[in-house]
Amino acid sequence: GDTWVMYYTATLEPEGGNYIVVAMTSDDLVHWTGRKIVFFSPERGEWGGSTESPFVIRRGDLYYLFIGPRGGYDGTSVYVSGDPLDFRIENRVAQIPAHAAEVIRDTDGNWYVSRCGWRRNGVYLAPLHWNDGMDNAPTSMPIPE
């Protein structure tokens, strides 16, 4: 609709704790409210940790959360949910060998996932193939014009 959602990484407490992904919403991109934990990791620490670089895509009635590093520096886990504000660790659907992954779509409708990071000498793209049967479903990332 007319609401923006911003996702960011945090720890449960400012001084540390479980790694989490938090969302806030805005109607004007200036005022943000409704801080809500949308993903809770059992892993703990005092920095960004395993919930860094949250990236969410809608496909049909489902939402996909990409976060990492999980399973090593070059690891991104993908979680699925019917609610963009509630992702569960048991709903992991994919593991991608990429650090700080972001999803890109080109003008031909092709999907890609990026990979970058310290000492990786650049940003790289790889084809992203969805196996959810929703290639023609509405998405939050339509084909750019």
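The values are calculated or read from the model by the stated rules, or taken from the named source; none is laboratory data. Quick caveat, the model's predicted, so the values are computed rather than measured. Counting neighbours? That spans all protein chains shown, and the Cβs are built from the backbone with ideal geometry, glycine included. Heads up: the accessible areas ignore ligands, DNA and RNA and are worked out on the full protein's heavy atoms, side chains in. Shrake-Rupley method; radii C 1.70, N 1.55, O 1.52, S 1.80 Å.
Taking segment 114-124 as the region of interest, how many residues are surrounded by 15 or more Cβ atoms within 10 Å (Cβ to Cβ) and without any contact (Cβ under 8 Å) to a residue 24 or more places away in the chain? Even if it seems obvious, please write down each step before you answer.
From segment 114-124, those surrounded by 15 or more Cβ atoms within 10 Å (Cβ to Cβ) are 114-117; that's our starting set.
Applying the additional criterion that residues be without any contact (Cβ under 8 Å) to a residue 24 or more places away in the chain yields 114, 116.
Of the residues in segment 114-124, 2 are surrounded by 15 or more Cβ atoms within 10 Å (Cβ to Cβ) and without any contact (Cβ under 8 Å) to a residue 24 or more places away in the chain.
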Meets criteria (aliphatic (A, V, I, L, M), touching a residue at least 60 places away in the same chain (Cβ under 8 Å), more than 18 Å from ILE96 (Cα to Cα) and open to solvent by 10 Å² or more (accessible area, probe 1.4 Å)) for LEU29: no
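Determine whether TYR8 is among the aromatic types (Phe, Trp, Tyr), open to solvent by less than 70 Å² (accessible area, probe 1.4 Å) and without any contact (Cβ under 8 Å) to a residue 40 or more places away in the chain.
On the way: among the aromatic types (Phe, Trp, Tyr): yes; open to solvent by less than 70 Å² (accessible area, probe 1.4 Å): yes; without any contact (Cβ under 8 Å) to a residue 40 or more places away in the chain: no.
Criteria not met by TYR8.
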Scan segment 57-74 for residues that are in contact with a Phe, Trp or Tyr (Cβ under 9 Å, 6 or more places away or on another chain) and at pLDDT below 95 and report the count. 1
In segment 11-24, which residue that is open to solvent by less than 70 Å² (accessible area, probe 1.4 Å) and over 16 Å from the mean Cα position of the chain (by Cα) is farthest from ASP83 (Cα to Cα)? GLY16
Quick check, is ASP2 in a loop (DSSP other than H, G, I, E, B), closer than 17 Å to PRO84 by Cβ and either open to solvent by 50 Å² or more (accessible area, probe 1.4 Å) or of a type in the set (Gly, Ala, Ser) (or both)? yes
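Looking for whichever is part of a loop (DSSP other than H, G, I, E, B) and of a type outside the set (Val, Ile, Thr) here; the options are PRO142, PRO42, PRO54. Which one fits? Walk me through it before giving the result.
Values: PRO42 fails: part of a loop (DSSP other than H, G, I, E, B); PRO54 fails: part of a loop (DSSP other than H, G, I, E, B).
Just one listed residue meets the conditions, PRO142.
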Looking only at segment 85-101, decide whether some residue is open to solvent by less than 50 Å² (accessible area, probe 1.4 Å), out of contact with any Asp or Glu (no Cβ under 6 Å at 6 or more places or on another chain), closer than 15 Å to ILE37 by Cα and in a strand (DSSP E or B). no
Among (1) out of contact with any Pro (no Cβ under 9 Å at 6 or more places or on another chain); (2) assigned to a loop (DSSP other than H, G, I, E, B), the one test that GLY72 misses: (1)
Being open to solvent by less than 80 Å² (accessible area, probe 1.4 Å) and at pLDDT 95 or above is the filter here; which residues of segment 35-49 pass it? ILE37, VAL38, PHE39, SER41
